[in-house]
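Heads up: the structure comes next, in structure tokens.
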């Protein structure tokens, strides 16, 4: 059975800063699926699900903006690529759109990293033995207790302040 990756865009030519819609579909369940954006100056990567779409702003490129879908399936690397021809015409309005697109891409990368971190933490917690979990919970409670008590003012400094004031009045 041949692995089928589908990657497409709504435009083959776009102006710099203009938005393009990207759609992908992987018909087999991959081990990992990564969408990369190569402008010639910078390459961005995000982990994506088996099928989906996103909208990004075309960055400043010389020539073509390459979009690749890289799948890891049973230890083999399978790639699909689409290139968008970029026309370098910038206005202030398009400059603002480009910044929004970069922020959205950054947000998607941050979300993907957070999901991976959560999964790793969950796996780590499930791999701990019962006594290790009890120890970690005890240490957490101890740390939280110390944190709370560090913000509570103890009565000893207040007593010494009042004693100092009393002695100053006697002198």
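Structure notes:
- The lone exception for residue 120 - which of (1) closer than 30 Å to residue 38 by Cβ; (2) exposed (fewer than 11 other Cβ atoms within 10 Å of the Cβ); (3) over 23 Å from the mean Cα position of the chain (by Cα); (4) at pLDDT 90 or above it fails: (3)
- Pick from segment 16-32, criterion at pLDDT below 85 and not in a loop (DSSP other than H, G, I, E, B), ranking: surrounded by the fewest Cβ atoms within 10 Å (Cβ to Cβ): 32
- Only one entry of 85, 51 meets the criterion of being over 18 Å from residue 28 (Cβ atoms), out of contact with any helix residue (DSSP H, G or I) (no Cβ under 9 Å at 6 or more places or on another chain) and exposed (fewer than 15 other Cβ atoms within 10 Å of the Cβ), and that entry is 85.
The values are calculated or read from the model by the stated rules, or taken from the named source; none is laboratory data. Because the structure is a prediction, the values reported are computed rather than measured. Neighbour counts run over all protein chains shown; Cβ positions are idealised from the backbone, glycine included.
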